[in-house]
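Written out below as structure tokens is the structure these notes cover.
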Amino acid sequence: MFHRRKNLKGLLFFNILHFNVGLIVIAFIAMTTLSIIITHENARKSELTLMKNISDGMKKRQNELIEVAEDISITIGEGFISKDKEQIYLSKMKLNREYIKSIIIFDKDGNIKNRDYDSIGIKNNLLEGIEYTSLGENGENAFFYGDGKEIKFYYAIKDSSGMIVEYILFNIDFDHILKLDMDNYEYFLLNEELNLIYSQEMISLGEHQYKKINEAREDNNRYIYHNEFQKAYFSGYIDKLSNSNLYLVIEHNISKEILFSGWIIYIIIIVLVVVATAIILSFKIFNIIKDYLSILRTLLEEVEKGNYNFKIPEKYQMKEWKMEFDNIISMARKIDERERQLSMFNNELMEAHNSVEIMYKKLQANDIEKRNQFIEVISSMLNLIELKDKYTAGHSVAVTKYSSIIAREMNVKYGYKIDEEKLIVGSILHDIGKIGIYGDVLNKPSKLTQEEMEIIKGHPKNGADALADINDFETEYSIIKYHHEKYDGSGYPEGLKGDEIPIEARVVCVADAFDAMTSSRPYRKAMDIDLAIKELINSKEVQFDPKVVDITVTLIKMNKLKIDDDRINE
């Protein structure tokens, strides 16, 4: 039935509409139910915490009132103050206790024996307030009592035999008895008849609210109801305060929490519905696509055979797929034509390749011939130097060998990009400038004069200038000219410093010095290798690049850079 749709969008829309829409309705019902349950449970935890805090606060105030009552009993009963000062004393006991409105002392017949100044207007006999007469029946000395107008605290004074002889009455201002953060919560007091004794705000209990509170008192102390006047849901908790005839009720408006948690649950359920829809649709679409892939495979097999007139079965004539099938057939025809053209081009390319290969071999032969000629020229130059200074020829070969080993290590292990072939040529020619220096200066066994030293210092620049016109000779030129520059800038001919000195020249500088120290001269013997290593290390960052020295020392210690015996013994 799915194949009757003539385009893919219509097919997908058709499947979505026929999916079980009832899941959305179920999600809404579940949202409402779960949100009320979860919110009611969260409110229960908060209400229990608040109930404990209020009960603890009431207990604390009760203990304070008992301490005040005991002080009054002892002070007045034992006669520590005169009769005319008792009223002043009672008034002072109220100071800093703003929750005490008045203090009255009376006997068991209700006759007032003393009072503070704020109680002067009260009648002299309290017999009609018989609520205190039950005090002491259960061993209690004190209790809170609400009579519909105000909250009172009674304390019984007993004689040595345990008989009650007097009472102390505290009229309580409940607005000051507790100081709690009751954000979003309301609490009020009811007596045993569930008459409202105290509330934070002037409220009256609704019929439905009264019914729920009464049921909760008889059951599990918890209730929830809908306030028609405020159009909101309230969660409540009722519990009887100890040593009193009062019930404490806490209520919390949970409408916002229900809405918030409800939307979260609703979103979760919607996501689950969407995922379920996607899974079911994916199976349906998978079967549809599988059928079309089968047709596509058949089409490709026919095209591979050269059959470009293959007809798609009528039931698979969906707009999007038919267009793609037509494109495949059209593309196959173009590819076939292109293959014929490429076959012709391939023959032409093969002929061109053969011609290029012949030309490359001729050029390669010319390069080899030029390189051999260049090496012959370099050898001739070395022969010219050797005519004046036999040491220089052996020295250049050794420096070239050491420089090549150091440069290869720096390239392979440390990522440098030194052109080793150019380094070899520059190393061989680094002392070419000595051709113009007299032999008696080069071979002088004693200390050179200042003038002779200046002549020797001129050989790097003279050698470089002599070869300056050679093309593509910049690296070799820099080695010849700067191999006597020092890392701290105190070298010659230009006093370059640090990285200003080309890296190739810094390598040759270390190799040049190492060979000079470890080879014999007419005026001294070769230096011990360990001592030469020490000299290299001591001259780091002064004469030599520290990195080049470290690599050189490592190569020597690993026996990768060896000194030829003829350099030590010559």
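In this rough spin-label picture, where each label sits 7 Å from Cα along the Cβ direction, the Asn327-Val397 distance is 7.3 nm. Based on the Cβ-Cβ distance of Asn220 and Ile289, what FRET efficiency does E = 1/(1 + (r/R0)^6) give at R0 = 60 Å, to the nearest 0.05? So the FRET efficiency works out to roughly 0.55. Here the Karplus curve 6.51 cos²θ - 1.76 cosθ + 1.60, taken at θ = phi - 60°, turns the phi angles of region 407-420 into couplings of 5, 4, 4, 5, 5, 6, 9, 10, x, 6, 10, 8, 6, 5 Hz, with x standing for Gly and Pro.
Close amide H partners of Ser102, meaning residues 5 or more places away or on another chain with modelled amide H under 5 Å apart, are Asn171.
The candidates Glu201, Glu186, arranged from most to least accessible area with a 1.4 Å probe in the full protein assembly, appear as Glu201, Glu186. Label positions at Asn411 and Ile335, each projected 7 Å from the Cα along the C-beta direction, are separated by 4.5 nm. Amide H contacts of Lys113 (H built 1.01 Å from N, in plane; Pro and chain starts excluded): Ile105, Phe106, Asp107 sit under 5 Å, all sequence-distant by 5 or more or on other chains. With the simple spin-label model, which puts each label point 7 Å out from Cα in the Cβ direction, the Glu201 to Ile66 separation comes to 3.6 nm. For region 510-521, putting each phi into the Karplus relation 6.51 cos²θ - 1.76 cosθ + 1.60 with θ = phi - 60° gives couplings of 5, 4, 4, 5, 4, 5, 4, 6, 9, 10, 7, 10 Hz, in residue order, rounded to whole numbers and with x for Gly and Pro. Taking amide H as placed 1.01 Å from N in the peptide plane, the amide H of Tyr416 sits under 5 Å from that of Asn411, each at least 5 places away or on another chain.
Remark: for residue pairs Lys59/Lys240; Lys486/Lys540; Lys497/Lys547; Lys422/Lys461; Lys457/Lys481; Lys525/Lys560, the C-alpha separation exceeds 20 Å in Lys525/Lys560.
The values are calculated or read from the model by the stated rules, or taken from the named source; none is laboratory data. Predicted model only: the values in this text are computed from it and were never measured. Here Cβ is always computed from backbone atoms with ideal geometry, including for glycine, and neighbour counts include all displayed protein chains. Just so you know, the surface numbers come from the protein's heavy atoms only, side chains and all, with ligands and any DNA or RNA stripped out. Shrake-Rupley method; radii C 1.70, N 1.55, O 1.52, S 1.80 Å.
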